[in-house]
Amino acid sequence: MSIYKNIFHYYRGQTRKGSEETKQLQIENNTTKAFINVLQHSSPMLTMRFLEWLGLYAKETDKFEYMYQVSNELHRKTPQAVVVGISETDKIINNLQDKKYYIPDGAILSNSVSILIETKIGLNAYLDINQLEGHKKRFAINQKVDENIILTWNEIRNFFQEQLSYFKKANDILTCFLLEQFEEFCIINCIGGTKTNEYFFLQFEKVKAQELARKIHDYIWSESGYQDIQDAETKDGIGYKRIGKSKFATLTTQRQRCFILHIGKKEQMLGLSVQKEIDTLLGRKFDRKDYEIEKYPHEAYIRLEWIDNFEQIKPYIDLAYNLR
């Protein structure tokens with residue numbers, strides 16, 4: 001599925017200032033909204049099972065209310081109340097903040113329980129004890145509040161995956177769809193886990209390109225007969241190399257999201273001639289910038305959505321492998 005067909009994935013346009021900070025905040029807000037949306041629009045049984053998982057309880061007659069950005073005080077006093085913090089780790093820090101006004105990211109409310117939620121994303125974004133304790137001021141007057149519950153996004157994903165099995169057996173199509181969409185959203189945005197191969201496959205916009213990326217990966221590792229393959233470290237994709245040698249191919253999110261063939265030595269400039277062959281074969285020219293031609297003459301770039309059949313590029317993968 002295309003990352004922009006995921007119902008929770010927000011399409012973000014250009015941002016002139018503070019782009020990385022803005023992007024991080026957008027993903028954090030969208031992750032919170034996605035999490036609450038799954039509970040809100042799924043079977044009420046999912047929320048019931050979530051509460052049970054937290055060690056809380058609710059009556060079968062309870063009707064749940066879901067909120068985002070809780071800026072007002074709660075007026076209903078309930079038998080249970082708790083602040084739930086969710087982040088990549090269970091580490092809690094003390095920022096020595098002394099604010100008088102904290103806004104929880106979300107809430108789940110019923111006659112039996114009041115839950116306020118604080119979320120963080122990113123490996124270096126930790127829950128702050130002052131913020132968690134500050135949220136308790138949002139509860140109703142004289143509300144008894146339980147000890148904070150701290151969860152990781154990985155634990156949330158694992159819980160949802162367990163529930164997916166349950167709701168598949170119950171043939172609850174909508175709940176299953178939402179749980180599957182949330183899992184894909186987490187993979188796309190690397191929430192609750194490291195950047196897996198599937199994370200990079202899903203970065204390609206078109207379904208066709210995603211499928212071809214998987215095919216390329218399977219070919220190199222399993223179908224080609226190459227005997228000396230190992231992972232090549234790269235932060236923007238999946239790299240492939242021969243043992244003791246440099247990369248011969250890379251699936252990358254850089255350069256318009258493409259497949260790169262590293263062909264021979266740089267001074268041979270074979271990438272440029274192969275690029276012309278591939279452009280002619282596909283009837284489309286890859287728009288290479290001048291610095292790319294000068295700095296990477298041994299590389300040829302392939303837009304996966306332009307490929308009609310894997311067999312079109314298979315010989316070039318073999319060429320890149322053999323020339324390394």
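The values are calculated or read from the model by the stated rules, or taken from the named source; none is laboratory data. Only a predicted model underlies this, so the values are computations on that prediction, with no experimental measurement involved. Counting neighbours? That spans all protein chains shown, and the Cβs are built from the backbone with ideal geometry, glycine included. Side chains are part of the model used for accessible areas, which takes the heavy atoms of the whole protein and leaves out ligands, DNA and RNA. Shrake-Rupley method; radii C 1.70, N 1.55, O 1.52, S 1.80 Å.
Of the residues making up region 107-117, those that are over 14 Å from VAL145 (Cβ atoms) and either not aliphatic (A, V, I, L, M) or not in a strand (DSSP E or B) (or both) are SER110, ASN111, SER112. The sole residue among GLU294, GLU311 that is in a helix (DSSP H, G or I), modelled with pLDDT of 95 or more and either open to solvent by 40 Å² or more (accessible area, probe 1.4 Å) or in contact with an Asp or Glu (Cβ under 6 Å, 6 or more places away or on another chain) (or both) is GLU311. Tell me whether region 228-236 contains one or more residues that are of a type in the set (S, T, N, Q), touching a strand residue (DSSP E or B) at 6+ places or on another chain (Cβ under 9 Å), more than 30 Å from GLN26 (Cα to Cα) and not in a helix (DSSP H, G or I). Yes. Based on what the data block shows, is GLU211 of a type outside the set (Ser, Thr, Tyr), within 22 Å of PHE185 (Cβ to Cβ) and in a loop (DSSP other than H, G, I, E, B)? Spelling it out, it is not the case that GLU211 is of a type outside the set (Ser, Thr, Tyr), within 22 Å of PHE185 (Cβ to Cβ) and in a loop (DSSP other than H, G, I, E, B).
Residue-wise test of (1) open to solvent by 90 Å² or more (accessible area, probe 1.4 Å); (2) of a type in the set (S, T, N, Q); (3) in contact (Cβ under 8 Å) with a residue 12 or more places away in the chain.
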site: THR234; (1), (2), (3): no, yes, yes
site: TYR240; (1), (2), (3): no, no, yes
site: THR252; (1), (2), (3): no, yes, yes
site: ARG255; (1), (2), (3): no, no, yes
site: ILE260; (1), (2), (3): no, no, yes
site: LYS265; (1), (2), (3): yes, no, yes
site: GLN268; (1), (2), (3): yes, yes, yes
site: GLN275; (1), (2), (3): no, yes, yes
site: ASP279; (1), (2), (3): no, no, no
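Of the residues making up region 188-207, one or more are at positive phi, of a type outside the set (Gly, Ala, Ser) and surrounded by fewer than 20 Cβ atoms within 10 Å (Cβ to Cβ).
Within region 141-167, residues that are under 22 Å from LEU127 (Cβ atoms) and without any contact (Cβ under 8 Å) to a residue 40 or more places away in the chain sit with their Cβ atoms under 9 Å from residues that are of a type outside the set (Gly, Ala, Ser) and surrounded by fewer than 17 Cβ atoms within 10 Å (Cβ to Cβ), at 6+ positions apart or across chains, in these pairs: GLU155/ASP90.
Count, please, the residues in region 168-187 that happen to be farther than 14 Å from PHE8 by Cα, touching a residue at least 24 places away in the same chain (Cβ under 8 Å), open to solvent by 20 Å² or more (accessible area, probe 1.4 Å) and not aliphatic (A, V, I, L, M). Final tally of qualifying residues: 1.
Restricting attention to region 115-155, and to residues there that are among the aliphatic types (A, V, I, L, M) and open to solvent by 60 Å² or more (accessible area, probe 1.4 Å), which single residue is nearest to PHE35 (Cα to Cα)?
LEU123
For region 64-80, enumerate the residues that are within 29 Å of ALA170 (Cα to Cα) and either open to solvent by less than 70 Å² (accessible area, probe 1.4 Å) or over 31 Å from the mean Cα position of the chain (by Cα) (or both). PHE64, TYR66, MET67 - these are the residues of region 64-80 that are within 29 Å of ALA170 (Cα to Cα) and either open to solvent by less than 70 Å² (accessible area, probe 1.4 Å) or over 31 Å from the mean Cα position of the chain (by Cα) (or both). Taking region 63-90 as the range and being in contact with a Phe, Trp or Tyr (Cβ under 8 Å, 6 or more places away or on another chain) and of a type outside the set (D, E, K, R) as the test, the residues that pass are LEU74, GLN80, ALA81, ILE86, SER87, THR89. GLN163 meets the conditions (1) under 22 Å from THR31 (Cα atoms); (2) exposed (fewer than 14 other Cβ atoms within 10 Å of the Cβ) in every case but one. The failed one is (2). When the test is whether a residue is more than 22 Å from ILE7 (Cα to Cα), open to solvent by 10 Å² or more (accessible area, probe 1.4 Å) and in contact (Cβ under 8 Å) with a residue 40 or more places away in the chain, LEU54 passes it. Note on region 208-218: residues that are more than 17 Å from TYR240 (Cβ to Cβ) and open to solvent by 30 Å² or more (accessible area, probe 1.4 Å) amount to 2. The condition of being open to solvent by 40 Å² or more (accessible area, probe 1.4 Å) and either among the aliphatic types (A, V, I, L, M) or part of a helix (DSSP H, G or I) (or both) holds for ASN158.
Kindly check whether there is at least one residue in region 91-106 that is modelled with pLDDT of 95 or more, open to solvent by 10 Å² or more (accessible area, probe 1.4 Å) and not in a loop (DSSP other than H, G, I, E, B). The answer is no; no qualifying residue exists.
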